[in-house]
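The values are calculated or read from the model by the stated rules, or taken from the named source; none is laboratory data. Please read all numbers here as calculations on a predicted model, not as lab measurements. In this analysis, Cβ positions are derived from the backbone assuming ideal geometry, glycine residues included, and neighbour counts consider all displayed protein chains. Just the protein is used for accessible areas: all its heavy atoms, side chains included, with ligands, DNA and RNA removed. Shrake-Rupley method; radii C 1.70, N 1.55, O 1.52, S 1.80 Å.
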Amino acid sequence: MRLSRLSEFWRAAALSLAGSLVMLSQQTYAFYLPGIAPHDYKIGEKVDLQVNSLTPSLNADNKLESVLSYNYYDERFHFCRPQGGPTAAHESLGSILFGDRIFGSVFNLEMRKASSCQMLCVQTIPGDDAAFINDKIMKGYNYNWLIDGLPAATVKVEDRTNKEFYSVGFGLGSAVSGQLVPHFHNHYDIAVQYHTMDSVHHRVVGVAVTPQSKHSVYSKDTTPSCDTIEPMNLHEGKDNQVVFTYSVRWEKSDKSWATRWDDYLHAMDPKIHWFSLINSLIIVIFLSAMLGLILARTLYKDIARYNADDAEDLQEDFGWKLVHGDVFRPPQNFHYLAVIVGSGYQLFWMALITLVIALLGFLSPSSRGSLSTAMLMLYIIFGFSAGYNAAHLYHSFGGTSLRQIILLTAMCIPGVCCTILVVINLCLVVANSSAAAPAGTLLGVIALWFVISIPLTVAGGYFGYKRKTFDPPVRVNQIPRQIPEQPWYLRPIPSALMGGVLTFGAIFIELYFIMNSIWFHKVYYVFGFLFLVFIILILTTAEATVLLTYFHLCAEDYRWHWRSVYTAGASAFYVFLYGVLFYFSRLRLASYASLVIYFGWMAVACFLFFVLTGATGFVASHLFVRRIYGAIKID
């Protein structure tokens, strides 16, 4: 019998997931490809030091007070500029969109040539700008430098293992809670690790910077001293003379170039990831087993009774068979439902392919912005999938306007996201943040949308509309059946909340690490864990939605189409609540711009998460409903 494959599917899903856990256990850590070709330096050859935007970090109270980044050469910082102005580096689309602004600098580094107390320049910082800098120091802002593609880092020691690791970036200054005037870091001790290939060639394998605050006095007749212990305080009521200096030392290392990122890709406690994964795995295996057992046994019994020839049994029919004439009735606003399902396919394939590429190590941290660039390009390419599946489902529901469904699919979901992102970008512009996307970049993204994504959506819609429609396995009645009053737990809001919490429970621990990586500018690299969590997310969403769909049908409520979407998509509501909890526990944003940016990005993420999980729930329920009604005999 066809239905026997249901229980086989649930068992196979659980076993394959457990097998995937074992197979990928060796790939859940820092497996990556170097990403860029190594540069072999000769002794005395210049090694470029590039500067990136200053980004916020935790303040002295262990809170994040801002999400705004600032250009290194913002005039209010008064950092030393190269003669003729700084030269911008070539950056990827994703790098630019997410705030990287990389430029050349005045630092002079030569391979294996140590230097001590080299002066960069002398700057006079007015009182107003001193107040701006002090405010950023108190908010925990960090310098972000790059040498040979490696970020300059602060060497830290893990308390649990006493093992050293690199934390990307280093402080603009130092401030202690309750301290009135913070110390401004104007001297930089740069330690560069190199690996010797042969007697001539060397490669950079590590960069650490120890910033210091030194109140050096400069005049034409004296050389600034780096031995002073008096800190550099910027007074807000007067002009401040600041001498910027640096020292460089070169340290030989046995670390190879291919593993130079290992010190940066440090997990504070990998057991937490394993606990998250095992917890989610237990949930999905238990849910799979229960679903397979309950549905298989119950459905076998129901179908055997429904297919019996005994007329007395037929008179006792109740539950899901009674709504066979209405269960395939097209829902209201089915064109919007088709758009959500088509866009869900688009997001699913984008996420899956991105995770596979990242899991194989092709999205190296050396290639800045490669992850976001890959996601954006894959989303554009899979516009074909969105158009194809939306048009096919729309036509199966009886829709006749191909132009309408293509236009809605191409514009609705991207249009909502773009509207929110434009508001976020305007807030960044008003706040003079370097994270504001340049007009040229925005025009480039719009061009990709209209030149590539929309034509692919049109092509997909054309072929999807021409494909053979889904023929319902039972006949649809002309007059809709009256729906009896539903118990409270099967009403729309309670049932959606129950379905959403199951999905959210499988991902909430890993969600913390993702949000921590995004907002605190940490390198996220455990794509093996993330891949397995994504598979668990899809399975849990499908199982929970199928289970609730079955309960609705047994209660003679045949309106399963939209119910399956918002039952599965309700997990996005929990994700947004988690974002609110994360805000109150980890953040203390001091400006309205930061608030709009944080909750704006959370709104975009939750909206797309709703589309992905909602489409997953609908597809699973659609397959389930077609299977069970195709297995019974209808007179």
_Please verify whether Ile380 is in a helix (DSSP H, G or I), β-branched (Val, Ile, Thr) and more than 15 Å from the chain's Cα centre (by Cα), treating the condition exactly as stated._
yes
*Glu556 is checked against (1) out of contact with any Ser or Thr (no Cβ under 7 Å at 6 or more places or on another chain); (2) in a helix (DSSP H, G or I); (3) open to solvent by 20 Å² or more (accessible area, probe 1.4 Å); (4) closer than 29 Å to Trp488 by Cβ and fails just one. What number does that condition carry?*
(2)
*Here is a list of conditions, (1) surrounded by fewer than 18 Cβ atoms within 10 Å (Cβ to Cβ); (2) modelled with pLDDT of 90 or more, and Ser66 meets all of them except one; can you say which number that is?*
(1)
*Being among the aliphatic types (A, V, I, L, M) and either modelled with pLDDT of 85 or more or surrounded by 16 or more Cβ atoms within 10 Å (Cβ to Cβ) (or both) is the filter here, so list the residues in the stretch 473-513 that pass it.*
Val474, Leu490, Ile493, Ala496, Leu497, Met498, Val501, Leu502, Ala506, Ile507, Ile509, Leu511
_Residues being open to solvent by 10 Å² or more (accessible area, probe 1.4 Å) and at negative phi - total across the stretch 521-532_ = 7
*From Leu352, Leu363, Leu371, residue being out of contact with any Asp or Glu (no Cβ under 8 Å at 6 or more places or on another chain), under 23 Å from Val168 (Cβ atoms), in a helix (DSSP H, G or I) and open to solvent by 20 Å² or more (accessible area, probe 1.4 Å)*: Leu371
*Taking only the stretch 84-98 into account, find how many residues are within 18 Å of Ser366 (Cβ to Cβ) and of a type in the set (Gly, Ala, Ser).*
4
*Given Asp189, Asp198, which one is charged (D, E, K, R), assigned to a strand (DSSP E or B) and modelled with pLDDT of 80 or more?*
Asp189
*asked:* Taking the condition of being closer than 25 Å to Trp257 by Cβ, modelled with pLDDT of 90 or more and of a type outside the set (A, V, I, L, M, F, W, C), how many residues in the stretch 124-182 meet it?
replied: 6
